[in-house]
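Before any comments, here is the structure.
The values are calculated or read from the model by the stated rules, or taken from the named source; none is laboratory data. Only a predicted model underlies this, so the values are computations on that prediction, with no experimental measurement involved. Ideal geometry is used to build each Cβ from the backbone, glycine not excepted, and the neighbour counts take in all protein chains shown. Keep in mind that these areas ignore ligands, DNA and RNA; they rest on the heavy atoms of the full protein, side chains included. Shrake-Rupley method; radii C 1.70, N 1.55, O 1.52, S 1.80 Å.
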Amino acid sequence: MIESMKPPCHITPKILKLISSISEKIGAVNANFLNKQSPQLCKQNRIKTIHSSLQIEGNTLTEE
């Protein structure tokens, strides 16, 4: 018969609180990392915005 194994430590409320705090911090870091826009997309968006604004004013400057 196999005896049930007991872990060498006990999970306490303090341990659970620390684990949840670490998990929250990891989630925040991941969220910030995932929400960063690529520099290329930012540049393209800026060019299109400026071009549209100039076009409204009658400027014939192209996006290129």
*asked:* Could you work out what % of the accessible surface of the chain is carbon and sulfur, using a 1.4 angstrom probe and leaving DNA, RNA and ligands out of the count?
replied: 63 percent
*Note the angle between two axes, namely the Cα long axis of helix 39-56 and the longest principal axis of the Cα atoms of the chain, as a number of degrees from 0 to 90, rounded to the nearest 10.*
30 degrees
*Any chance you could give the angle, 0 to 90 degrees and rounded to 10, that helix 13-34 forms with the longest Cα principal axis of the chain?*
20 degrees
*asked:* Give me the Å³ per residue figure for the convex hull around the C-alpha atoms of the chain.
replied: 158 Å³
_If I model a spin label as a point 7 Å beyond the Cα along the Cα-Cβ vector, how far apart are those points for Ile47 and Ser4 in nm?_
6.6 nm
